[in-house]
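The values are calculated or read from the model by the stated rules, or taken from the named source; none is laboratory data. All figures in this text were calculated on a predicted structure; none of them were measured in a lab. Don't worry about glycine lacking a Cβ; one is built from the backbone with ideal geometry, like all the others, and counts go over all protein chains shown. The protein model used for the area step is the full one, side chains on, heavy atoms only, and it has no ligands, DNA or RNA in it. Shrake-Rupley method; radii C 1.70, N 1.55, O 1.52, S 1.80 Å.
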Amino acid sequence: QVQLVESGGGLVQAGGSLRLSCAASGRTFSNSAMGWFRQAPGKEREFVAGIRWNGGSTYYADSVKGRFTISRDNAKNTVSLQMNSLKPEDTAVYYCAAGPDYGLGYKTRYDTWGQGTQVTVST
């Protein structure tokens, strides 16, 4: 029965950085896979990054690999997305997500979503 609330979005110039945070409530957080997705205007929601229940494995979309880092702190019930070297094409609403961790990596089926936080990268 986890609930997710994102924060940290905003306006940043190309090349800058932002750190998104997702605060979770509920007893199932610590054994859930967590992920970040984004949706730009006129485009479908796409996978950005994922992390297994214990943080032992992380997964990234090719478009953000090397620039974004996902992490979690199960003791604090939080998951974060550090975004560096931001590009205008990173502009989107970013969503935190949770799902059962079956070790599926990129194929994880997320079933719980936050409300989203806007990230805008200017030229």
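Taking θ as phi - 60° and the Karplus parameters 6.51, -1.76 and 1.60, the scalar couplings of segment 112-123 work out to 10, 10, x, 7, x, 9, 7, 10, 10, 10, 8, 8 Hz in sequence order, x denoting glycine and proline.
Ordered by packing density, taken as the mean number of other Cβ atoms within 10 Å over each peptide's residues, highest first, how do 78-84, 43-49 rank?
Working: 78-84: 20.9, 43-49: 15.4.
Listed from highest to lowest mean packing, they are 78-84, 43-49.
Pairs of Cα atoms nearer than 8 Å and 6+ residues apart set the relative contact order; for segment 1-111 it is 32 percent.
Close amide H partners of residue 108, meaning residues 5 or more places away or on another chain with modelled amide H under 5 Å apart, do not exist here.
Between residue 74 and residue 14, the simple label model (points 7 Å from Cα in the Cβ direction) yields a spacing of 4.1 nm.
Average accessible surface for the chain: 52 Å² per residue, computed with a 1.4 Å probe over protein heavy atoms with every protein chain in place.
In this calculation the C-beta distance from residue 87 to residue 54 is compared with R0 = 25 Å, giving a FRET efficiency of 0.20.
What is the local net charge at residue 32, summed over the other residues whose Cβ is closer than 11 Å to its Cβ (Lys, Arg +1; Asp, Glu -1)?
Details: positive: 27, 52, 72; negative: 101, 111.
Summing Lys/Arg as +1 and Asp/Glu as -1 gives +1.
Within the shell defined by Cβ-Cβ distances under 13 Å, the residues around residue 14 carry a net charge of 0, with Lys and Arg each +1 and Asp and Glu each -1.
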